[in-house]
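*Asks:* I am attaching a structure below and will ask some questions about it afterwards.
The values are calculated or read from the model by the stated rules, or taken from the named source; none is laboratory data. Note that the coordinates shown come from a computational prediction; the quantities given were computed from them, not determined experimentally. When we count neighbours, we look across all protein chains shown, and the Cβ atoms used for this are built from the backbone with ideal geometry, even at glycine.
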Amino acid sequence: MNRIKPLDVSDSSANKNTAISQIVQALLERKIDENKDRLNELSTLRFVEDNLPLYKQNLEKRKNAYALLSEEERILRENRIAAIKNLSYEQRLPWTNTLTLENTNNFLTTLPLSLLNISNLEKLDYSDQNNVILPWQFDNEWNWVHGSIRNVPFALSEEEIEKDFQTDKKYPLMKEYYKRGFMLIGRTSQDWKTIYQTSVSPHVSKNDEAIEAYQKHVLVHEFFHTIFAKFRDIPNANTLIIKFKDGSTSTFAEWRNAFLLSMKEEPLYTTKYASIYDKDMIDISNGEKGQDAYWLEEQLCESLTAYYLDIAPNEYWWTSFEEFNFWNNDQQKRSKRYQLISDFYNADFEVIE
Ligand SMILES: [Zn+2]
């Protein structure tokens, strides 16, 4: 992080102008440093490695909760997952570090039937399993140009990396960023029916268990996209009715807006990944359409995943989603974010045609 020099007020105005432009430059450099750090998956995987016992324990809890369900409920979930036609597209290669199909199938049964029933998920696609996804274009402050990606073959040797990047003269530093862990993991198709499994680069982690735990985080995140995307626009957001456990109801549009307002009161992001979708970049008062809704959806997907696991990689190193308050104004013990996300996760749903 750059240190900003204090402004010397005793100088002439020309010197003051120079001092001001130096401050502006230092602020820009600090912003660039922060933005680069947001994209760095090295610290994300380090967080998972450091907290691996907790990840395993929390994943086990979800698995045990499934085992304790009535047989009827278990069969309904299994049937729902079996009804997803062609769940696997292409075989998983044994040397990649994506989740296996069997692992994925078993894992999906730990999600509530109410959520499985409103998901668009139809396919798990392994055609990108041999790739690592790099965010590819950045503006001059190093904000990622959303959607710009490049696939880099997984597990390249040093010489192969050198060769692969030689042709990309436009981005001469990208090779270094690949090694440093600037990458995205997993993605969902434009029609929100297919989740693509992608690998975690060995430059980022060599811990197979930590990689598996984070791949599960990514799968839950992508799963929520397969629910939310079709309700992104306001007319569609009004067709999803949430029936909360306490008997009250709300439209998805209303609940999403409550979540947006809670983020203004609780300014910290749930995860470092969520902070890529920086609220400073856009006007969040208009959080109901286009890019804004997409920004908000990323926050929802990360927060629901944090709820599912009760832990998610973050720069404050908190280890319980339930216990962290995201620096809310009144320092309540439990965050509004937790309450809203918990209400949604445990609700029933109805879609009005
Ligand atoms: Zn996402």
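*Asks:* Could you please let me know if Lys163 is out of contact with any helix residue (DSSP H, G or I) (no Cβ under 7 Å at 6 or more places or on another chain), surrounded by fewer than 16 Cβ atoms within 10 Å (Cβ to Cβ), at negative phi and modelled with pLDDT under 70?
*Replies:* Answer is no for this residue.
*Asks:* Give the residue that is modelled with the highest pLDDT, with candidates limited to residues of the stretch 166-202 that are over 17 Å from the mean Cα position of the chain (by Cα) and aliphatic (A, V, I, L, M).
*Replies:* Checking each candidate, the answer is Met174.
*Asks:* Enumerate the pairs (first residue in the stretch 216-237 and under 25 Å from Gln57 (Cα atoms); second residue anywhere and near the ligand (Cβ under 10 Å from one of its atoms) and assigned to a helix (DSSP H, G or I)) with beta-carbon separation below 6 Å, excluding pairs fewer than 6 apart on the same chain, so at least 6 apart or on different chains.
*Replies:* His217/Thr305; Val220/Thr305; His221/Cys301; His221/Thr305; Phe224/Cys301
*Asks:* Determine whether Asp233 is modelled with pLDDT under 90, within 16 Å of the ligand (Cβ to nearest atom) and surrounded by fewer than 19 Cβ atoms within 10 Å (Cβ to Cβ).
*Replies:* no
*Asks:* I'd like the full set of residues that are closer than 23 Å to Ile185 by Cα and touching a Lys or Arg at 6+ places or on another chain (Cβ under 9 Å), limited to the stretch 42-83.
*Replies:* Leu42, Ser43, Thr44, Phe47, Tyr55, Leu59
*Asks:* Looking at the stretch 127-155, I want the residues that are more than 29 Å from Arg30 (Cα to Cα) and have a partner that is in a strand (DSSP E or B) and of a type in the set (Ser, Thr, Tyr) with Cβ atoms under 8 Å, at least 6 apart or on another chain. Which pairs are those?
*Replies:* Between residues of the stretch 127-155 that are more than 29 Å from Arg30 (Cα to Cα) and residues that are in a strand (DSSP E or B) and of a type in the set (Ser, Thr, Tyr), the close pairs are Ser127/Tyr89; Ser127/Tyr196; Asp128/Tyr196.
*Asks:* Within the stretch 192-204, how many residues turn out to be more than 15 Å from the ligand (Cβ to nearest atom) and either acidic (Asp, Glu) or buried (at least 21 other Cβ atoms within 10 Å of the Cβ) (or both)?
*Replies:* 4
*Asks:* Would a scan of the stretch 86-105 turn up a residue that is crowded, with 17+ Cβ neighbours inside 10 Å, in contact (Cβ under 8 Å) with a residue 60 or more places away in the chain and touching a strand residue (DSSP E or B) at 6+ places or on another chain (Cβ under 8 Å)?
*Replies:* yes
Listed here are the residues, each with its yes/no results for (1) within 15 Å of the ligand (Cβ to nearest atom); (2) basic (Lys, Arg).
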residue: Ile185; (1), (2): yes, no
residue: Thr188; (1), (2): yes, no
residue: Lys206; (1), (2): no, yes
residue: Tyr214; (1), (2): yes, no
residue: Asp246; (1), (2): no, no
residue: Thr249; (1), (2): no, no
residue: Pro267; (1), (2): no, no
residue: Thr271; (1), (2): yes, no
residue: Ser275; (1), (2): yes, no
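*Asks:* Would you be able to say whether some residue in the stretch 18-31 is surrounded by fewer than 15 Cβ atoms within 10 Å (Cβ to Cβ) and either closer than 19 Å to Phe321 by Cβ or at pLDDT below 85 (or both)?
*Replies:* No - not one qualifying residue is present in the stretch 18-31.
*Asks:* Testing Arg38 on (1) in contact (Cβ under 8 Å) with a residue 60 or more places away in the chain; (2) on the phi > 0 side of the Ramachandran plot, one condition comes back false. Which one is that?
*Replies:* The one condition Arg38 does not meet is (2).
*Asks:* Turning to a different aspect of this structure: For the stretch 77-122, which residues satisfy the criterion of being of a type in the set (Lys, Arg) and more than 25 Å from Ala67 (Cα to Cα)?
*Replies:* The answer is Arg92, and nothing else.
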